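The values are calculated or read from the model by the stated rules, or taken from the named source; none is laboratory data. Everything numeric in this text was worked out from a predicted model, so none of it was measured. Glycine also receives a Cβ, built like all others from the backbone with ideal geometry; neighbour counts cover every protein chain displayed.
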Amino acid sequence: MTIRVLGCSGAIAAGSRTTSFLLDDRILIDAGTGVGDLTLEELARIDHILVSHSHLDHVVSIALLADSVMRRRALSVDGPIRVHALPETLATLRQHVFNGAIWPDFTRLPSVEQPVLAFEPLHTGDRLELCGRRIEVLSAVHTVPAVGYAVQGRRGWWVFTGDTGPNPALWRRLAELDLSDLIIETAFSDEEEALARKSGHLSPSALARELAHLKGPAGGGALQVHITHIKPGETGAVMGQIRALSLQHPVRALETGERMALD
Ligand SMILES: [Zn+2]
Ligand SMILES: [Zn+2]
């Protein structure tokens, strides 16, 4: 089974879509604008959405997806799409998105008895089993309550940091896991390091300080680091700055549309 990168950009432009990963066809990890590239059939197969935090670039397609698949889900035996997130994130979605003004409350539509969405709170450190997949909720440090996710694959754990600034708790936990892939954000170039710090993101220099906490993988397996959340038009500059730091692990820019094998 695979992870499909639907979007991994820090903003939109032609060819750039915001954060979303499709795990095993059934689980979305974040719901940025990349979700809009799925067919109606693919959208209707989604049973779970794991949300990292409430920012629009990560949640916009929860709202649009609910509308797209409402009739199909209402007629199926699959039940609602379960939206998993921190209680604070769910409260924000309820208050500011599914409030009847920005968008209808799809946790009560098409009927209160059989809604298309159901909200399920989770907490940092939780271990979930969804569609036969083991998933752990990781800490993140951002301007709003946030988490990352680790998904167990055969080669090791696939880890998505979510949007995060410097995060010592993450490295303490990752030191205990065998990682195959680390998806980590570098939202700003070093010229904008002050902005990165203020907005709870990383720049290349901050990334290097974070990755220094990460030991080489046990058993000689190759850990691949993938950079995400770069703004459109900034990839060359950000990746150039990262390469100049000669980091200990192989680092590359994640690309929209790629598929990452877990098994
Ligand atoms: Zn954010
Ligand atoms: Zn973001």
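Here are the numbers for the structure shown:
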read-out: Residue under evaluation G32, criteria (1) more than 12 Å from the chain's Cα centre (by Cα); (2) crowded, with 24+ Cβ neighbours inside 10 Å, criterion not met; value: (1)
read-out: Options D67, D57; residue that is part of a helix (DSSP H, G or I), under 23 Å from T235 (Cβ atoms) and of a type in the set (D, E, K, R); value: D57
read-out: Subset of region 245-257 (residues that are loosely packed, with under 13 Cβ neighbours inside 10 Å, touching a residue at least 24 places away in the same chain (Cβ under 8 Å) and not in a strand (DSSP E or B)); value: P250, E255
read-out: Any hit, region 35-49, residues being of a type in the set (A, V, I, L, M, F, W, C), modelled with pLDDT of 95 or more and within 15 Å of ligand 2 (Cβ to nearest atom); value: yes
read-out: Residue within region 152-167 that is more than 17 Å from V251 (Cα to Cα), surrounded by 14 or more Cβ atoms within 10 Å (Cβ to Cβ) and touching a Lys or Arg at 6+ places or on another chain (Cβ under 6 Å) present; value: yes
read-out: Test set (1) more than 15 Å from ligand 2 (Cβ to nearest atom); (2) within 20 Å of T235 (Cα to Cα) - S180 fails condition number; value: (2)
read-out: Residue list for region 171-191, filter: assigned to a loop (DSSP other than H, G, I, E, B), polar (S, T, N, Q) and in contact with a strand residue (DSSP E or B) (Cβ under 7 Å, 6 or more places away or on another chain); value: T186
read-out: Filter result (among the aliphatic types (A, V, I, L, M) and surrounded by fewer than 24 Cβ atoms within 10 Å (Cβ to Cβ)) within region 47-61; value: L56, V60
